[in-house]
1. Which numbered condition in (1) in a helix (DSSP H, G or I); (2) within 19 Å of GLY315 (Cα to Cα); (3) in contact with a Cys (Cβ under 9 Å, 6 or more places away or on another chain); (4) not polar (S, T, N, Q) is the only one that PHE450 fails?
2. Going through the stretch 438-454 one residue at a time, which ones are over 24 Å from the mean Cα position of the chain (by Cα), within 16 Å of ARG336 (Cα to Cα) and among the hydrophobic types (A, V, I, L, M, F, W, C)?
3. Count, please, the residues in the stretch 1-41 that happen to be of a type outside the set (D, E, K, R), without any contact (Cβ under 8 Å) to a residue 24 or more places away in the chain and crowded, with 18+ Cβ neighbours inside 10 Å.
4. Output the residues belonging to the stretch 133-153 that are surrounded by fewer than 16 Cβ atoms within 10 Å (Cβ to Cβ) and in contact with a Leu (Cβ under 8 Å, 6 or more places away or on another chain).
5. Can you say whether GLY282 is out of contact with any helix residue (DSSP H, G or I) (no Cβ under 9 Å at 6 or more places or on another chain) and modelled with pLDDT under 95, as far as the supplied structure shows?
6. Against the definition (in contact with an Asp or Glu (Cβ under 9 Å, 6 or more places away or on another chain), surrounded by fewer than 22 Cβ atoms within 10 Å (Cβ to Cβ) and closer than 23 Å to GLY394 by Cβ), how does ILE311 come out, yes or no?
7. Filter the stretch 410-441 for residues that are in contact with a Phe, Trp or Tyr (Cβ under 9 Å, 6 or more places away or on another chain), in contact (Cβ under 8 Å) with a residue 24 or more places away in the chain and among the hydrophobic types (A, V, I, L, M, F, W, C) and give the result.
8. How many of the residues making up the stretch 118-164 are polar (S, T, N, Q) and outside any loop (DSSP other than H, G, I, E, B)?
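The values are calculated or read from the model by the stated rules, or taken from the named source; none is laboratory data. Note that the structure is a prediction, hence the values are computed from the model and not measured. Here the Cβ positions follow ideal geometry from the backbone for every residue, glycine too, while neighbour counts run over all protein chains shown.
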Amino acid sequence: MQFQVKTGSASQQRTACAIVPVFSGGELPPAARSLDKAGGGLITRAIRNKDIKGEVGDQLLLTHTGELPCQRILLVGLGPKAKLDRRAWRKALRGALSTVARGKYDDAILHLTSEPVSGADAYRRARLAVETWHDVSYRFTAMKSEPGETAPALKRLGIAASARDQRGVRRGIEHGAAIAQAVALAKDLGNLPPNVCTPSYLVERARGIAKRARKVTVKALGLAEIRKLRMGAFLAVTQGSAEPPRFIVLQYRGGRASDRPVVLVGKGITFDTGGISIKPAGAMDEMKYDMCGAATVLGVLQAVAELGLPINVTGVVPTCENLPSGTATRPGDIVRTMSGQTVEILNTDAEGRLILCDAITYALRFKPAALIDIATLTGACLVALGRIRSGLLGNSDKLADDLLAAGQAADDRAWRLPLDEDYGELIKSPFADVANVGGRDAGTITAASFLSRFVGKTDWAHLDIAGTAWNVGSNKGGTGRPIPLLMEYLLHRT
């Protein structure tokens, strides 16, 4: 897919489809005004005839365009001009691009991006346009003998901009494309079945990223090396599965050698039955998405490397399966973590925090400037926040504020939950240093409280993406979140 910056009058630009905004108040934006004048009032007539009202998301396809250089005009409603904010604009944008994705033409020009929008400058509009196109055009057909729904025919999308905004628009296109491709990678990994997307498969994909990027190196530890590191919590989770665990470390060195890296730790449970504390059978197939934290880390490293950001970023991915068997960990077992702390495992389905605590201990050797773990960790987070916002907890107000701001800017929002010391009382154990679960209360917070025991004084944040990493129902599949949030945060650091 090619994205091109388009400047100049809409009536002078040749294309198969011009995607043109209109307002509900009757006033025509510049692109619509230009085409209307050159086309003998065709847009004015459509509005006068009430073929389109201009409310947010309204659409009308004009195919009789006379001598205009555009073969079709897709009119898209933006609502009242005075109330045009980013939310309304994005709704209209998504609807328009979805329509174009179903069309049979191979090029189009998007004039929605040239219209001023409250809360979105030219860079942001271009970036969101590119990300949205990739999202609506995404198809997962890798496991089908016949693809079924075909990929969109569109090959070129022009992003309309004023002459003074060209630089920002080009940057928005560049960033949007890298982020969108990272999101697509994460979606693919999440959507693959667990008999394909195994720990070893994640290693292969990590090595593929490193092979394509000069500044990325990868190291993948096997079972013997994990044992040598004394990652007792990680080993406790994997010991019921015949599939060997892997511990992946990706390092991108785009900054100075002396710069401390941002370290991302991603939960990589490629299938989670719950172990001996087995889950209900209904919807257990969705537990293939329990590696979306790992997919996020791989996607971010790919995007950072593609953009060549002047920053050091390290990705740490502990990955394994959690299965029941005669060798599986039992409720009541006590294990010693890499940090030396002991954990009483009261519920083997609280396995994500077990692999993460050892990964966090390992990650501290890189002396992180910031440490962020990403995990589909608790159903309690889905109950609390639904599928709208990711849960955010941590020990640093600045890091948390930066991540919240990044989520707002990228439209990949999070919500901060408290992490008072009192919550630690809920996971006390009479037999070990800590239990891996508390009761029913504050499940998301006690999970983060558990992890906080292993981060020391490092600035740390925990993103619980149990509600945001995948969709259910007719739109079932991976979402690629929170890659836009994390990329916004890293871009801001540069």
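1. (2)
2. Result: PHE450, PHE454.
3. Result for the stretch 1-41: 1.
4. Within the stretch 133-153, ALA142, MET143 meet the criteria.
5. Taking the combined requirement at face value, the residue satisfies it.
6. yes
7. Hits for the stretch 410-441 are ALA410, VAL434, ALA435, VAL437.
8. Qualifying residue count, the stretch 118-164: 3.
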